[in-house]
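First the structure, in the form of structure tokens, and then the observations on it.
The values are calculated or read from the model by the stated rules, or taken from the named source; none is laboratory data. Because the structure is predicted, anything quoted here is derived from the model rather than measured. Positions of Cβ are backbone-derived with ideal geometry, glycine not excepted, and every protein chain shown enters the neighbour counts.
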Amino acid sequence: MSVNSRLEAGSGGTTSNSGNEKSGLKKIVAASMVGTVVEWYEFFLYATAASLVFGKVFFPNAGSELDGILAAFLTYAVGFLARPLGGIVFGQIGDRLGRKHTLQVTIVLVGVATFLMGCLPGFDTIGYWAPALLIALRFIQGFAVGGEWGGAVLLVAEHSPDTSRGFWSSWPQAAVPVGNLLATLVLLTMSWILPAEQFMSWGWRVAFWLSAVIVVIGYYIRTHVNEAPIFLEARAQVEAEQSISYGVTEVIRKYPRGIVSAMGLRFAENILYYIIVSFSIVYLVTVHAYDTSQLLLALLLAHVVHFLVIPQVGRLSDRVGRRPVYLAGAILGATWALFAFPMFDTQNPVLIILAITLGLCFHALMYAGQPAIMAELFPTRMRYSGVSLGYQVTSILAGSMAPIIAVALLKEYNSWVPVAIYLAGACAITVVAVLTLTETKGISLRELDAVDARKHGLAPAVTSP
């Protein structure tokens with residue numbers, strides 16, 4: 001089923017919007033998805049390359065193979081450290097100037113940084129300049145991605161009907177496995193057609209260079225979207241009433257609980273994902289010397305399933321509620337490592353694919369509903385800043401550290417059991433966060449803005465006709 005037909009199927013019966021409005025919403029979703037595919041193709045390309053290539057190319061003197069991978073993952077973590085800064089800067093810009101223009105800037109930044117990564121000489125050619133330049137480009141890449149997610153999901157969430165916001169806003173999330181799938185597919189193709197020596201020498205660079213093509217496509221599509229009426233109303237309110245504040249400082253002061261809730265929701269989801277897509281590669285390659293091509297193929301198939309599942313979970317969150325779906329994901333995620341690593345140890349390709357796929361399905365139960373839940377935590381005038389801050393700051397403690405902690409635990413204990421305990425602890429934190437949430441399924445974003453106005457003594461926004 002095509003993307004458009006699946007979108008049509010998900011929207012039936014949920015809104016009284018006209019055909020033109022539905023068509024416009026589909027264009028918004030498509031623009032958000034294409035740009036997100038581009039951004040995350042490049043971001044996850046780095047994650048896969050860090051697992052397979054960068055340790056040898058940029059850190060050949062690190063010692064053991066695991067030491068080289070740890071060094072590469074530390075540069076990977078730099079991108080996560082930059083993401084909150086990007087979230088703060090672009091969140092402020094996005095709340096003031098709009099989601100559309102912010103997204104155009106982020107896609108160009110991440111594209112240029114990724115292309116230049118493919119041009120970097122290795123350690124053997126320019127010495128320590130190689131990892132230094134890699135770190136600098138990684139910082140720029142992470143800075144841009146830090147502003148990307150909030151804008152992409154809010155562009156859709158703020159255009160969506162209240163009764164189907166979970167479904168529509170899950171599509172940018174579904175674009176993430178598509179980006180990862182494309183990155184995996186390119187690396188898999190290069191590893192198939194090239195001898196190992198050529199792949200390590202220059203083959204991996206092709207995947208980074210290809211980013212230039214898809215960046216141009218994504219940028220073009222993003223020039224043809226409009227801001228949501230509710231954002232234009234909120235911006236007009238801020239401009240008309242000078243006492244109204246917005247942005248990072250204001251959201252920290254007025255909605256600290258929303259930020260903490262967003263961080264708690266993000267914690268287990270982010271750790272689970274990077275354990276699955278990054279540490280699983282390390283475990284299978286270093287412990288079992290598993291064939292790289294077969295492993296990339298397993299990830300590719302799992303990403304396809306992940307893409308298909310996410311919108312269905314988003315629609316489920318509209319029907320049964322945000323909390324029960326998210327809670328199921330956190331609880332199931334805590335169990336994943338207990339059966340996945342024994343399945344990896346069999347070295348059976350079918351069981352490996354099944355383990356990775358199940359993990360990503362558990363992840364989807366949390367990931368699909370995030371845009372709707374987080375959008376419903378904040379009023380429009382500071383929503384970009386709020387969701388970006390909660391989402392991206394957590395990435396430092398969660399996603400950036402997960403592969404590093406997991407590799408360190410494997411190196412220290414020579415066992416996957418400590419990794420399973422670490423993952424279960426992360427899921428427990430998210431379970432608590434979900435249980436403290438108020439159910440927001442079907443809530444009106446305009447009503448949230450009205451409550452915010454009454455609470456802080458502001459004049460209500462003027463609704464567009």
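Taking the stated definitions as given, is residue 90 hydrophobic (A, V, I, L, M, F, W, C), more than 20 Å from residue 232 (Cβ to Cβ) and either touching a residue at least 24 places away in the same chain (Cβ under 8 Å) or surrounded by fewer than 18 Cβ atoms within 10 Å (Cβ to Cβ) (or both)? Answer is no for this residue. Count of segment 194-227 residues, restricted to those that are over 23 Å from the mean Cα position of the chain (by Cα) and of a type in the set (Asp, Glu), is 1.
Only one of these is at pLDDT 95 or above and within 19 Å of the chain's Cα centre (by Cα): 311, 324. Name it. It would help to see each step written out before you state the result.
Details: 324 fails: within 19 Å of the chain's Cα centre (by Cα).
The conditions single out 311.
Among the residues of segment 318-350, those identified as in contact with a Phe, Trp or Tyr (Cβ under 8 Å, 6 or more places away or on another chain) and either within 17 Å of residue 297 (Cα to Cα) or aliphatic (A, V, I, L, M) (or both) are 332, 337, 344, 347. For segment 178-200, the count of residues that are modelled with pLDDT of 80 or more and closer than 28 Å to residue 92 by Cβ is at least one. Condition (residue is surrounded by fewer than 24 Cβ atoms within 10 Å (Cβ to Cβ) and either over 23 Å from the mean Cα position of the chain (by Cα) or of a type outside the set (S, T, N, Q) (or both)) applied to segment 165-176: is it met by at least one residue? Checking segment 165-176: not a single residue is surrounded by fewer than 24 Cβ atoms within 10 Å (Cβ to Cβ) and either over 23 Å from the mean Cα position of the chain (by Cα) or of a type outside the set (S, T, N, Q) (or both).
Note on segment 365-447: enclosed helices (runs of 4 or more DSSP H) holding 1 or more residues that are in contact (Cβ under 8 Å) with a residue 60 or more places away in the chain and farther than 28 Å from residue 92 by Cβ are 402-413, 417-435.
Scanning segment 53-81 for residues that are buried (at least 23 other Cβ atoms within 10 Å of the Cβ) and modelled with pLDDT of 75 or more yields 54, 57, 58, 79, 80. What about residue 169, is it modelled with pLDDT of 85 or more, within 22 Å of residue 382 (Cβ to Cβ) and of a type in the set (Gly, Ala, Ser)? Yes, satisfied.
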